[in-house]
Amino acid sequence: MPQEDKAQEPSVTFKVKAGLPSDPQEMEVHAAEGDLKPWDLESLPGFQHMGKPYPRFDGPLKVTGRARYTYDIKLPGMLYGRMVGATIPAGTIVSIDTTKAEALPGVKAVWSTESKKVRFAGQDVAAVAAVSPEVAMDAARLVEVTYEEKPFIHELRAAMEDGAPLVFTEGEAPGGEDQRVRGNVAGPRRGGRGNVAAGFAQAAATIESTYYLPVHTHSCLETHGVVAHWEGEQLTVYSSTQGVYATREGLAEALETDRKNVRVICEHMGGGFGSKLSPSATGSAFAMVACKLAKKAGAPVKLMLDRHQEQLCTGNAPSAQITVKIGAKKDGTLTAVEYTSYGSAGVAGGAGTAGPANTLYANNPNLKVEEYAVFTNTGPSAPLRAPGHSQGAFALESAMDELAEKLGIDPLELRKKNESSPIRAAEYDPGVKAIGWERRNKKAGDTPGPKKRGIGMANGNWYVFANPNVTVEVKIHRDGSVELFSGSQDIGTGFRTAMAVVAAEELGIAPTDITSHVGDTQYPQGPSSGGSVTTNSVAPAVRLAANEAKKKLFEVAAKALDADPGELKSEGGKVFVAADPARALSFKEAASKMPGEVIDCSADRKTQYETFRRDLAGTQFAEVEVDTETGEVRVLKMVSVNDCGFPVNSLTAKNQVIGAMIQGVSWALLEDRIVDPNVGTMVNPNLEAYKILSPKDMFEAESILVPQANLGNNTSVAGLGEPPIVPTLGAVANAIYNATGARLRELPMTPDRVLAALAEAEGRA
Amino acid sequence: MHNFELAKAYTTTQARDLLAEKPNSILKAGGIDVIDHLKQHLIAPNRLVDIKSVSGLDDIDVDRDGNLRIGALVTLARVAADEDIKKDFPALAQACGEAASPQIRNVATIGGNLLQRPRCWYYRLESYKCIKKGGDTCFAIAGMNRYNVIFGGGPAYPPHPSSAAVPLVAYGASLVLEGPEGTRTVPAGEFFVLPDVDPERENTLGEGEILTEIRVPAAAGKKSAYAEVRERAGFDWPVVSAAVAVEEDGGSVKSARIVLGQVATIPWRATKAEEALVGQPLGAASAEAAGQAAVDGAEPMTDNGYKVDLVTALVRRVVASLA
Ligand SMILES: Cc1cc2nc3c(=O)[nH]c(=O)nc-3n(C[C@H](O)[C@H](O)[C@H](O)COP(=O)(O)OP(=O)(O)OC[C@H]3O[C@@H](n4cnc5c(N)ncnc54)[C@H](O)[C@@H]3O)c2cc1C
């Protein structure tokens, strides 16, 4: 993610009040020339719309089924595409015979891969396009593939064993030439500071534990897919994507056509969570294939993956085995942390998990980090909501709890003692109050009866990323109606509503007076939705473009009001003389004075500059009930306390946080990609046996946002989509410990694992 | 997709005729399991005979003596909500009410529930040519078997999936089957068969037979209860369930039926546990003894040993709840 701390010269200096309202800090920031004075703590009390709750504009469309998803696109003469995936986990394709498929009536085009090596079951082999989904399915089943099978390895821990079949032969592994690869294990990537040996020597108490998390899949409710439509050289692609521009780039390059010829549209999408950042997916080129099939057939092609395919080739969150050793003084002050992680991203690299270890408790002087990537014959991972951080925080924050227990210190106090972020320091108390921390068991498991309740907590972190390559267009029409345009897509965060809130704040009208158009490469460029960047990358450009438009509106209004444009202000749907509010025009009246038909302003985002904090803080609390006879765990309540700079729309912001907690609890308690060790294919490639939390498992979820002026851009908005999932796994595990005295070090925390941990705890007692 | 005919039947006779008329025809009630099979390419019927439209099979009726009759087409939701069933056959109401999800319970019929096929993932995936699909191995033996059985396995090891079957066997229910050879009534406990009889089936439903009704003898003087363990509270099957029905005589148990679900290839009578109860007063001690005895003969596989502990805990809990 591009991130600049300082604008390039020439720049303007702004003196601002930064940080928390309870503790304002003077700060000087250096914005690029032409940027606006940033919203800071002094702006906060005057906000008309920023941070208020607004229902998402597309809510009614979604609940009434009128929102058009890629899945809903239907074009005249459209064909249906279907991918054929490899049925073996490792080997070579000897032949692909599509004759029978082609001969089937209704089949209009076929595609087959040129690559011969198979490294995971589900890898692209062939594809067909036909007049109906049923014919396409039949045709796909008629494609005959002959393989030469090779030994494979299905899982992280097995892949680390000596003599395990190799996923890659020498020099083939992803991750660059200079990495060390032994067997299936690449790395380590090292990090840290100080001297851990010296740190452990000072420790009064030390704990060391190993934690394990299986592969977790994104399980977006809308599967990956596109509709590809050629009109001459002009290609229109409807895609369920997190990046219309990235898709355009990828497809234009793969199809060897100019970018100008490719238009990508994503009006609504049913979830991405990181798996829809590539033009197709990390483990499939289905979008490119659909475009090729459409060209060949001379007709539009819709190609949606089915759930089974979705589970195999569209990415996942790596499994991980993480060992954490922590030493601390008697009073809880950390003296050393040693963190070793083995993660498996399948056939991909990038299975690191050390983000939380590198960032949390930064006052600890001695840290040693080693991260290894382990290859397995399974689909490649894709970023998943704060990649690697949930895994890492589960291990680190479980270990912190174990340390607290050993030291006889309240786990919350241990964290406070070692807290290095002033923001998180301020987040603890609201969370403590909301969960009722004092109700927790003073001694773990110390309650009568088989059903035991407990409360736990964990911390998480993320970063302030921003993408500077953003342009936004704002139009004020002569009738006073307002539109804004951004190419970025609404991944589900309520992006289009949030952008209207920002424009409304600047223009002095209501968000609902503005129509947002998003998710189309015909609109000005915007970032892919990854890294929690969309809102905070686009919002500052929205403000700039709205400000430009407002200035033009003031010019025409000034004449009518017999004032200077500089004297005017707009608020509450009125344009008026700031010093004499009675001299006013309604926004509509002001617009009607424009000489032409439309005021049309575009603005580029200025570069990111100094922030109050470069990291985002978060802390979470969980209350659970554990049936100690059956091992069933039910989450009763979760509280998440987060900062995201200034929230734009508090309703959708809290939605993000609550959604992250649900996804996190699901990960903690249920989700597990299970691969047969003898055959090498996933046995639960569905949403029935790959279990995600059901409505009946829902708990009370509370989101508390701590607004703070973080600067970095003219809106002081930072990201929020990812951070709230980071602490969830650890918070649930720690709550189970508090309820029962059983330490769950392996996910998912299903009854079998809970019972085993209870038995272990009983053995210890 | 495989093409098939959809034929609607309005009477059971018509349904039987439609079944007999075309080879490879199958019945569809709610369709939850049938459609799954079609979509997963596990079956390729020539005709689906839709019996959802057959009249007279969707009544719940309790006669003057308290005998219960449930038409095969009654939905799980209706069984769960029925006041008579809730009062006299609470284990059945509960088992049906906790199954699956509200949407599924509104569509799924109790007949289809008893006749649904196992959920073992190897059976459900076309790519695994397992012994239940005419292959020669049970992939669960050397594979991933955390949800498989601890009782009654071999040569296949899938748990019987029906929640409703568990209390029905405990209540001594019987099934009315209408077939080409006439109508027969079979005790539920004898209807289900072990895989060593035929690994490709779970019951003795005959060719062309239709389940029309479930009869449950009056519960007078009986105490009963049901409980289950779930990984996921909704949209899922239990990992273990248990139904207990007892009759007391002068402060001690005269007769008992203890039936376990999801741990065996059929609804599993824990006869040793029943024996442990008979002659004892209901209470903590007899509950403990029944729990221990319930796992007699258990043969856990590599990953499902936890089910043994769950059976003990659940039986203990359900029996204790009757005291
Ligand atoms: C996510 C999910 C969770 C579930 N959880 C549970 C659970 O917790 N407990 C549980 O018990 N079930 C559960 N189920 C299964 C569900 O309850 C059954 O699939 C359903 O009850 C089947 O009933 P149906 O009417 O839809 O049967 P259908 O699918 O129509 O038929 C099932 C089978 O029975 C045959 N059949 C149906 N009616 C008759 C008849 N009258 N005579 C002869 N043959 C007949 C059909 O030919 C077919 O072979 C779950 C299902 C899903 C999808």
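The values are calculated or read from the model by the stated rules, or taken from the named source; none is laboratory data. The structure displayed is predicted, hence computed values, not measured ones. Every residue, glycine as well, gets a Cβ built from its backbone with ideal geometry; the counts of neighbours run over all protein chains shown. For accessibility, only protein heavy atoms count, side chains too; no ligands or nucleic acids. Shrake-Rupley method; radii C 1.70, N 1.55, O 1.52, S 1.80 Å.
Per residue, the average separation of C-alpha pairs within less than 8 Å and at least 6 apart gives the stretch A:266-408 a relative contact order of 26 percent. The alpha carbon centroids of the stretch B:124-203 and the stretch A:288-337 are separated by 37 Å.
Of B:Thr137, B:Thr265, B:Thr312, the residue with the greatest mean-square motion in the GNM of chain B, using alpha carbon springs below 10 Å, is B:Thr137.
The residues of chain A expose on average 36 square angstrom of accessible surface per residue, using a 1.4 Å probe on protein heavy atoms. Straight-line reach from A:Lys295: taking Cα to Cα under 26 Å and skipping same-chain neighbours fewer than 8 places apart, the lysines in range are A:Lys74, A:Lys100, A:Lys108, A:Lys116, A:Lys260, A:Lys276. Between the residues A:Pro695, A:Gly487, A:Ser570, the greatest Cα displacement towards the positive end of the dipole of the protein assembly as shown, with unit charges on the Cβ of Lys, Arg, Asp and Glu, is found for A:Ser570.
In the stretch A:740-754, the residues that give up 20 Å² or more of accessible area when the other protein chains are added, compared with the chain on its own (1.4 Å probe), are A:Thr750, A:Pro751, A:Asp752. Surface analysis of the stretch B:1-55 yields an accessible area of 52 Å² per residue, using protein heavy atoms and a 1.4 Å probe.
Across peptide A:686-698, the mean count of Cβ atoms from other chains lying within 10 Å of each residue's own Cβ comes to 5. The alpha carbon gyration tensor of the stretch B:155-235 gives principal lengths a ≥ b ≥ c with a/c of 1.5 or higher and a/b no greater than b/c, which makes the shape oblate.
Put the Cα centre of the stretch B:284-323 next to the Cα centre of the stretch A:168-242 and the gap is 43 Å.
Per-residue 3J(HN,Hα) values for the stretch A:89-97, derived from phi via the Karplus relation 6.51 cos²θ - 1.76 cosθ + 1.60 with θ = phi - 60°, read x, 7, x, 10, 7, 7, 7, 10, 10 Hz in sequence order (x marks Gly and Pro). Taking every C-alpha pair closer than 8 Å and separated by at least 6 residues, the mean separation divided by the residue count of the stretch B:223-321 gives a relative contact order of 26 percent.
Taking 27 Å as the straight-line reach from the Cα of A:Lys637, the lysines in range (excluding those fewer than 8 positions away in the same chain) are A:Lys52, A:Lys406, A:Lys416, A:Lys417, A:Lys433, A:Lys442, A:Lys443, A:Lys451, A:Lys452, A:Lys654, A:Lys691, A:Lys696. Angle of helix B:306-322 to the longest C-alpha principal axis of chain B, folded into 0 to 90 degrees and rounded to 10: 70°. A crude spin-label estimate for the pair A:Asp331 and B:His2, with each label 7 Å from Cα along the Cβ direction, gives 7.4 nm. Between chain A and chain B, roughly 2900 Å² of accessible surface gets buried, counting both sides and using a 1.4 Å probe.
Rounded to two decimals, the Cα-based Rg/Rh of the protein assembly as shown, with Kirkwood Rh, is 1.00.
Computed from backbone phi, the HN-Hα couplings of the stretch A:701-713 come to 10, 10, 10, 10, 9, 10, x, 8, 7, 9, 6, x, 7 Hz, rounded to whole numbers (Karplus: 6.51 cos²θ - 1.76 cosθ + 1.60, θ = phi - 60°; Gly and Pro given as x). How large is log10 I(q)/I(0) at q = 0.14, 0.18, 0.27 Å⁻¹ when the Debye formula is applied to the Cα atoms of the stretch B:1-55, each weighted equally and without solvent? The Cα Debye sum returns log10 ratios of -0.32, -0.53, -1.07. Amide H contacts for A:Lys108 (H built 1.01 Å from N in the peptide plane; partners 5 or more residues away or on another chain; cut-off under 5 Å): A:Ala129, A:Ala130, A:Val131. Only protein heavy atoms count here; on that basis, with a 1.4 Å probe, B:Trp268 has an accessible area of about 60 Å².
In the elastic network of chain B, a GNM with C-alpha springs shorter than 10 Å, the most mobile of B:Lys254, B:Lys28, B:Lys52 is B:Lys254. Compute the long axis of helix B:284-294 from its Cα atoms, compare it with the longest principal axis of the Cα atoms of chain B, and write down the angle in degrees, 0 to 90, nearest 10. The answer is roughly 40 degrees. Using just its DSSP H runs of length 4 or more, each adding -39500 (n - 2.57), chain B gives a mean residue ellipticity at 222 nm of -8000 deg cm²/dmol after division by all residues. Please state the shape class of the stretch A:98-153: rounded when a/c is under 1.5, otherwise prolate if a/b exceeds b/c and oblate if not, all from the C-alpha gyration tensor. Since a/c reaches 1.5 and a/b is larger than b/c, the shape of the stretch A:98-153 is classed as prolate. For the stretch A:251-308, the set of GluC sites (Glu not before Pro) satisfying both a DSSP loop assignment and a count of at most 13 other C-beta atoms within 10 Å is given as A:Glu256.
Per residue, the stretch B:223-321 exposes 34 Å² of solvent-accessible protein surface, assessed with a 1.4 angstrom probe and all protein chains in place. Ligands, DNA and RNA left out, the 1.4 Å accessible surface of the protein assembly as shown is 50% carbon and sulfur atoms. When the stretch A:361-448 is described by a simple charge dipole with +1 on each Lys and Arg Cβ and -1 on each Asp and Glu Cβ, the residue from A:Ala373, A:Pro387, A:Ala404 located farthest towards its positive end is A:Ala404. Shielding of peptide B:135-143 by partners, expressed as the average count of other chain Cβ atoms within 10 Å per residue Cβ, is 2.
These residues, B:His41, B:His160, go from largest to smallest accessible area, 1.4 Å probe, as B:His41, B:His160.
Between B:Tyr306, B:Tyr157, B:Tyr171, the Gaussian network model of chain B with springs among Cα atoms under 10 angstrom shows the greatest mean-square fluctuation at B:Tyr306. Among the residues of the stretch B:218-234, those with an accessible-area drop of 30 Å² or more from chain alone to full protein complex, heavy atoms and 1.4 Å probe, are B:Val229, B:Arg230, B:Glu231, B:Arg232, B:Ala233. Anisotropy class assigned to chain B is oblate, per the alpha carbon gyration tensor with a/c at or over the 1.5 cut-off and a/b no larger than b/c. Modelled spin labels at A:Asp23 and B:Ala284, positioned 7 Å past Cα toward Cβ, are 5.2 nm from each other. Placing a label point 7 Å from the Cα of A:Asn363 along the Cα-to-Cβ direction, the residues of the stretch A:421-453 whose backbone N falls under 20 Å of that point are A:421-432. A straight line joining the Cα centroids of the stretch A:709-746 and the stretch B:19-91 runs 46 Å.
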